[in-house]
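**Q** The structure's right below; bear with me while I get my questions together.
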Amino acid sequence: MLSMQDISMVYRTDLVETHALRDFSLDVAEGDFVSVTGPSGSGKTTFLNIAGLLEQFTKGRYELDGRDVSSLSDAQRSKVRNEKIGFIFQGFNLIPDLSLYDNVDVPLRYRGFSAAERKRRIEHVLDLVGLGSRMKHLPSQLSGGQQQRVAIARALSGEPRFLLADEPTGNLDSQMALSVMELIKQINDQGTTIIMVTHDPALAGMASRNIHIRDGQVSDVEHDTQLVAAIAG
Amino acid sequence: MIFYYLKLGWLSIRRNPWLSALMVAAIAVGIGASMTTITVNYMMGSNPIPSKSDQLFYVQLDTWDPNTVSDDPFEPPDQVTYNDAMALMKSAPAYRQVASNRSGLVLEPENRDETPFNVDARNTFADFFPMFEVPFLYGGGWDSNADEGMERVVVLSREINERLFGGENPVGRSVRMNGMDFRVVGVMDHWLPVPKFYDVTNGAFNDSEEVYIPFNVAIEYQLPRNGNTNCWKTPDGSGFEAFLNSECVWIQFWAELRNEQEKQDYMAFLAAYTEQQKLIGRFPRPLNNRLDSVMEWMEREEVVADDAQVMLGLSLLFLLVCLLNTIGLLLAKFIGKSGDIGLRRALGATRGTLFRQHMVEAGLIGLGGGIFGLGLAWLGLRGVEILFGEFIENLVTMDWLMVLTAIGLAIVSALLAGLYPTWRACSIAPAGQLKTQ
Amino acid sequence: MELGPIWRAMMRNKTGAILIALQIAVTMAIMVNAISIMQERSRMMARPSGVDEANIFYISSVGFAEDFNERVAIEEDLNMLRSLPGVVDAIQTNSVPLSDGGWSMGLQTEPGAEIQGTGVAIYFVDEHGMETFGLELLAGEDFSPGDVGWRERSDTEWPDKGIITRAMAEALYPDDPDSALGSTVYINDDEPLTITGIMKQMQAPWNGWSGVERVMLVPQHTLFGATRYVVRAEPGRRDELMPQVEQILADSNKGRIVRNMRTMEETRERSYRSDGSMIKMLTFVIALLTLVTALGIVGLASFSVSRRTKQIGTRRALGASRSAILRYFMTENLLISIVGVLAGGALAVGLNMWMVDAFDLTRLGWYLVPVAMVLLLLVGQIAVLGPARRAASVPPAVATRTV
């Protein structure tokens, strides 16, 4: 499903050269649920940006769904993101001026679906996350957990093969976090590949596999919740 | 506290130099455009003789054609006939009154080698000078004996005295005009009423005349007239005498009436005079005489040009656009500062203090806009002067009132523009802005 | 196109949009009316005076000496002027078109003081008048030397012949203008005068007069003390003749002064100076106003872009291409501008109706409204291009930034 080989990412300014990732390699199989952990500044966000085609990397090779995406143009990358990747952000990233309906509609518009198709999908995913009755509401009228559910609905609306979640429960209290995690787990159960970046070992433990990033490199590929908990703790 | 607000405002202005410059520029351009046209309109509509404008009355007698249909049926002519002017001069009960008309004379300099030249002249009576408060540099006007005795006396303008006598005191010397010698009795100081209220018929914004001679002398020697002349009826017979006795109007007549009683007496006299003239077949229309004070007369003659009013209207709309612009930019700026505002609220600032703080900032921007706008208005007036030339040169100076108006208008505009953005900024909840996002 | 969501998002944050739309509306109202005034003025300025403007100049002569014999001076002056090499012809007259000072009378087709005459501008000329002014006779005949008399300032009698413009013929005989030739009209209520010629066109001295095309030439020399010589030069020789003529006239008689020598071109310039200035001022106002509005759009759009950076990043992450983001801001501006120009159209027409009422301006041409709409929509699109491009260059990785 996803294969990264010797990916390096270097940020250059006039004064400093920062290696956010160095010779980073990772393979994720179809249907996997991978959690990515690591201390602040370890390169988690850079990994996420590269995996989600939000950022170009300096060196290496990246295949997504059997296709080399290393040298795609900006427009092609937009298309791949739109069709294959769903995003869940820590800050939800809902557009405050749009209703729930219009928020979920955003990626579908870029996809070029017909109005009827969009309507069908929007209603379906909003029902799925339990907010079908509040489509006309604005994000500010919802609780944080509900907002994140909308964001998940938005991510799912395009039926992506691959879901990227960035601290999906970072801004939620534990009760809400749990219900959001259950939703994500459900999605994974239906066959969607998920990569979730988190600093919370308890959440990482819900994944089928955990990788730990330190100084821009995978330091511990194997799934070991106890160890990860100790390191992060 | 005001100094603290001024300091905060200044810091805030400096924080976004481009945005601030854009706001100051928007206000400056709006003020520049509107002050240019406001000044021209203000000058056109200004009171040329404020000390006694409500005691000076322009006399209109309706001697006109009973068959005219093209203009308003009851609009009396804007000047009077010779016979009527002389009758009023002789017996109308005014504190002072004066008939005058415009003319042009050829002046022959003392030095025979210099070529003669034309001068603008006014034929008038002794009361002209005290009545219109003409300032004198040397000597003074003539007295009514000179009018009756048809003395060849002349009052010179300061400018023509510079030209003829190098600015020295010429009283008693003589000036040769149209082949006759005139004795100089006085030299005016600068005198340029704007509008030139005493003769708007021949150009409300013309310069004052260069020489002033007794009306009776001009009649006696049949000196040329070059002002506006209107006749509804051909003179009976040929010759100057026939013209004088005709129904042609060519004289401006002013009366000084110090109170309501004098005005009513004068009106009664005009009515009686009209009735008496009707007996000999004149004044064929219904009684319709008028006494207009200076400002009433300026209004009736529509001294403020339509073009100036159109430009004034358009420039005020222009200012509105600039203000809308400023509102938008201030809104952008104040909302961009919402973090700062939220913090101040959390630290105990009341809405009132924040409101005052931001209004002071808006006022500072207005002050800047006003100062630059004043410069632009000055440039605008120079531009108008270049474009329109001599017609307008007496109208494009800004007095202190205009300068203060410009700054005041700019500050008021900026405060008005600042009201909504400030209100929006101050309604930010103290807590909401402290969280990220 | 995602018009619906753009519109709905805009309605959640109306203030900025309303401010821009209002600016565009007022700008459009000013623009349309200013252009309408400019059109009116330039139409006025484009009217021909009917005379050979390029080659004509004139000069005034004022006698002042007691022994000045005006009649002799005029005869001598005209002989001298007409014999000068380079001069096509010359006349003595009272005024010229566009000079703003002249003589008018009323003509009527029936005698009687109770009848309202039709106003007509009078030029006193001799048999050289048509040639000097460069006028075209449509019908009838020119004056002959025998027709020309002398008029004192206080004379009230009129000659028995006159040549009128076609426009005057139409005003006198609206049903059958051709019947004007040879007809008798009345001047001074009951003095008969025969129309002996119809000329194509000539303007009265007052350019703002509603009857500016109504002119009559009468065969008389005037003895008014002050007079005016009109000289028509051969093409290209006007400027060389002018100082020559001034010098000769000044030297030939010490009992008069000559002054105010002017070309017709200069007279036209002076006559329409305030109209020309009005056009220049309005052009400047429109340009400045458009600039202010455009800057306002740039300012508010930039603000809106920076406020929505995160949102733009999110859209990019969700699959929006750069051009989709560019299109979003261009479309948003287009929607605001359309609201603005629609309101502006109404405002422009309202303002015009008021100005027509208050200042006697002409009604605006209907096409100005759509033209201004398109123009302002274009200005809006150009102004928003910069901020929109900045929006399009927001990297998608902004979406995962936490602050």
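**Q** Consider C:ALA204 against the criteria (1) within 14 Å of chain B (Cβ to nearest Cβ); (2) surrounded by 17 or more Cβ atoms within 10 Å (Cβ to Cβ): it satisfies all of them except one. Which criterion is unmet?
**A** Evaluating C:ALA204 over (1) within 14 Å of chain B (Cβ to nearest Cβ); (2) surrounded by 17 or more Cβ atoms within 10 Å (Cβ to Cβ) leaves (1) as the failure.
**Q** What about C:SER323, is it surrounded by fewer than 17 Cβ atoms within 10 Å (Cβ to Cβ), part of a helix (DSSP H, G or I) and either small (Gly, Ala, Ser) or away from every other protein chain (no Cβ under 12 Å) (or both)?
**A** It is true that C:SER323 is surrounded by fewer than 17 Cβ atoms within 10 Å (Cβ to Cβ), part of a helix (DSSP H, G or I) and either small (Gly, Ala, Ser) or away from every other protein chain (no Cβ under 12 Å) (or both).
**Q** Quick check, is A:PRO107 under 24 Å from A:ASN171 (Cβ atoms) and not in a helix (DSSP H, G or I)?
**A** Against the criterion (under 24 Å from A:ASN171 (Cβ atoms) and not in a helix (DSSP H, G or I)), A:PRO107 does not qualify.
**Q** From the list B:LEU314, B:LEU324, B:LEU319, B:LEU329, pick out the single residue that is more than 8 Å from chain C (Cβ to nearest Cβ) and part of a helix (DSSP H, G or I).
**A** When all the criteria are applied, what remains is B:LEU319.
**Q** If I ask for residues that are surrounded by fewer than 19 Cβ atoms within 10 Å (Cβ to Cβ) and either among the hydrophobic types (A, V, I, L, M, F, W, C) or without any contact (Cβ under 8 Å) to a residue 40 or more places away in the chain (or both), which ones from the stretch C:287-315 would you list?
**A** Those that are surrounded by fewer than 19 Cβ atoms within 10 Å (Cβ to Cβ) and either among the hydrophobic types (A, V, I, L, M, F, W, C) or without any contact (Cβ under 8 Å) to a residue 40 or more places away in the chain (or both): C:ALA287, C:LEU288, C:LEU291, C:ALA294, C:LEU295, C:VAL298, C:SER306, C:ARG307.
**Q** What is the number of the single condition among (1) in contact with a helix residue (DSSP H, G or I) (Cβ under 8 Å, 6 or more places away or on another chain); (2) β-branched (Val, Ile, Thr); (3) without any contact (Cβ under 8 Å) to a residue 40 or more places away in the chain that B:VAL211 does not meet?
**A** (3)
**Q** Here is a further query. Evaluate the following for C:ARG315: is it within 30 Å of A:THR45 (Cβ to Cβ), at pLDDT 90 or above, part of a helix (DSSP H, G or I) and facing another protein chain (nearest Cβ under 8 Å)?
**A** Taking the combined requirement at face value, the residue satisfies it.
**Q** Right, here's the next one. Give the residues of the stretch C:272-286 that are touching a residue at least 40 places away in the same chain (Cβ under 8 Å), within 9 Å of chain B (Cβ to nearest Cβ), more than 16 Å from B:ILE27 (Cα to Cα) and of a type in the set (A, V, I, L, M), sorted by residue number.
**A** Listed by number, the residues that qualify are C:MET278, C:LEU282.
**Q** With A:ASP27, A:ASP65, A:ASP105 as the choices, which residue is among the charged types (D, E, K, R), over 16 Å from A:ILE211 (Cβ atoms) and without any contact (Cβ under 8 Å) to a residue 60 or more places away in the chain?
**A** Going through A:ASP27, A:ASP65, A:ASP105 in turn, just one is among the charged types (D, E, K, R), over 16 Å from A:ILE211 (Cβ atoms) and without any contact (Cβ under 8 Å) to a residue 60 or more places away in the chain: A:ASP105.
**Q** Please find, within the stretch B:290-311, the residue that is nearest to B:GLU256 (Cα to Cα) out of those that are among the acidic types (Asp, Glu) and more than 8 Å from every other protein chain (Cβ to nearest Cβ).
**A** It comes out as B:ASP292.
**Q** Would you please name the residue that is nearest to the other protein chains (Cβ to nearest Cβ), looking only at residues in the stretch B:229-258 that are in contact (Cβ under 8 Å) with a residue 40 or more places away in the chain and surrounded by fewer than 18 Cβ atoms within 10 Å (Cβ to Cβ)?
**A** Only one residue fits best here, namely B:LYS233.
**Q** Against the definition (acidic (Asp, Glu), under 30 Å from A:LYS79 (Cα atoms) and assigned to a helix (DSSP H, G or I)), how does C:GLU332 come out, yes or no?
**A** So C:GLU332 passes the test.
**Q** Can you tell me which of B:PRO50, B:PRO66 is within 14 Å of chain C (Cβ to nearest Cβ), part of a loop (DSSP other than H, G, I, E, B) and surrounded by fewer than 16 Cβ atoms within 10 Å (Cβ to Cβ)?
**A** One residue alone meets the criteria, B:PRO66.
**Q** Mind checking whether some residue in the stretch C:333-340 is surrounded by 21 or more Cβ atoms within 10 Å (Cβ to Cβ), farther than 26 Å from B:SER20 by Cα and more than 14 Å from chain A (Cβ to nearest Cβ)?
**A** no
**Q** Please determine, by comparing only the residues of the stretch A:84-102 that are facing chain C (nearest Cβ under 7 Å) and touching a residue at least 60 places away in the same chain (Cβ under 8 Å), which one is farthest from the chain's Cα centre (by Cα).
**A** Among those residues, the one meeting the criterion is A:GLY91.
**Q** Residues being without any contact (Cβ under 8 Å) to a residue 40 or more places away in the chain and not in a loop (DSSP other than H, G, I, E, B): count how many of those fall in the stretch A:144-171.
**A** Final tally of qualifying residues: 3.
**Q** Among the residues of the stretch B:249-267, is there at least one that is closer than 29 Å to B:ASP54 by Cα, of a type in the set (A, V, I, L, M) and over 26 Å from the mean Cα position of the chain (by Cα)?
**A** Checked the stretch B:249-267: at least one residue is closer than 29 Å to B:ASP54 by Cα, of a type in the set (A, V, I, L, M) and over 26 Å from the mean Cα position of the chain (by Cα).
**Q** Also: Mind checking which helices (runs of 4 or more DSSP H) fall wholly inside the stretch B:143-246 and carry at least 2 residues that are under 13 Å from B:THR124 (Cα atoms) and under 33 Å from the mean Cα position of the chain (by Cα)?
**A** The qualifying helices (runs of 4 or more DSSP H) are B:144-148, B:215-220.
**Q** Checking A:SER133 against (1) away from chain C (no Cβ under 13 Å); (2) closer than 25 Å to A:ARG81 by Cβ, which single condition isn't satisfied?
**A** (2) is the only condition that A:SER133 fails.
**Q** What residue, of B:VAL134, B:VAL106, B:VAL155, B:VAL98, is aliphatic (A, V, I, L, M) and either within 14 Å of chain C (Cβ to nearest Cβ) or under 12 Å from B:MET177 (Cβ atoms) (or both)?
**A** B:VAL106
**Q** State which residue is nearest to C:ALA348 (Cα to Cα) when the search covers only the stretch C:4-25 and only residues that are within 45 Å of the chain's Cα centre (by Cα) and within 14 Å of chain A (Cβ to nearest Cβ).
**A** The residue in question is C:ALA17.
**Q** Search the stretch C:196-212 for residues being modelled with pLDDT of 95 or more and in contact with a helix residue (DSSP H, G or I) (Cβ under 8 Å, 6 or more places away or on another chain), and hand back the single one that is farthest from C:LEU138 (Cα to Cα).
**A** Among those residues, the one meeting the criterion is C:MET202.
**Q** Identify the single condition in (1) assigned to a helix (DSSP H, G or I); (2) over 25 Å from the mean Cα position of the chain (by Cα); (3) under 27 Å from C:PHE303 (Cβ atoms) that C:ALA346 does not satisfy, given that it satisfies every other one.
**A** (3)
**Q** Given the options B:GLY348, B:GLY352, name the one that is more than 30 Å from B:ASN67 (Cα to Cα), over 20 Å from the mean Cα position of the chain (by Cα), outside any helix (DSSP H, G or I) and not assigned by TED's automatic domain parsing to the domain that holds B:LYS196.
**A** Exactly one residue qualifies, and that residue is B:GLY348.
**Q** Just need a number here: residues in the stretch B:386-426 that are in contact with a helix residue (DSSP H, G or I) (Cβ under 8 Å, 6 or more places away or on another chain), modelled with pLDDT under 85 and assigned to a helix (DSSP H, G or I).
**A** 8
**Q** Just need a number here: residues in the stretch A:112-143 that are in contact (Cβ under 8 Å) with a residue 24 or more places away in the chain, buried (at least 17 other Cβ atoms within 10 Å of the Cβ) and not in a loop (DSSP other than H, G, I, E, B).
**A** Total satisfying the criteria: 6.
**Q** For the stretch A:54-67, which residues satisfy the criterion of being touching a strand residue (DSSP E or B) at 6+ places or on another chain (Cβ under 7 Å) and either within 14 Å of another protein chain (Cβ to nearest Cβ) or under 20 Å from A:VAL28 (Cα atoms) (or both)?
**A** Once the filter is applied, which keeps residues that are touching a strand residue (DSSP E or B) at 6+ places or on another chain (Cβ under 7 Å) and either within 14 Å of another protein chain (Cβ to nearest Cβ) or under 20 Å from A:VAL28 (Cα atoms) (or both), the stretch A:54-67 yields A:PHE57, A:LYS59, A:GLY60, A:ARG61, A:TYR62, A:GLU63, A:LEU64.
The values are calculated or read from the model by the stated rules, or taken from the named source; none is laboratory data. For clarity, every value in this text was computed on a predicted model and none was experimentally measured. Glycine gets a Cβ as well: all are built from the backbone with ideal geometry, and neighbour counts include every protein chain shown.
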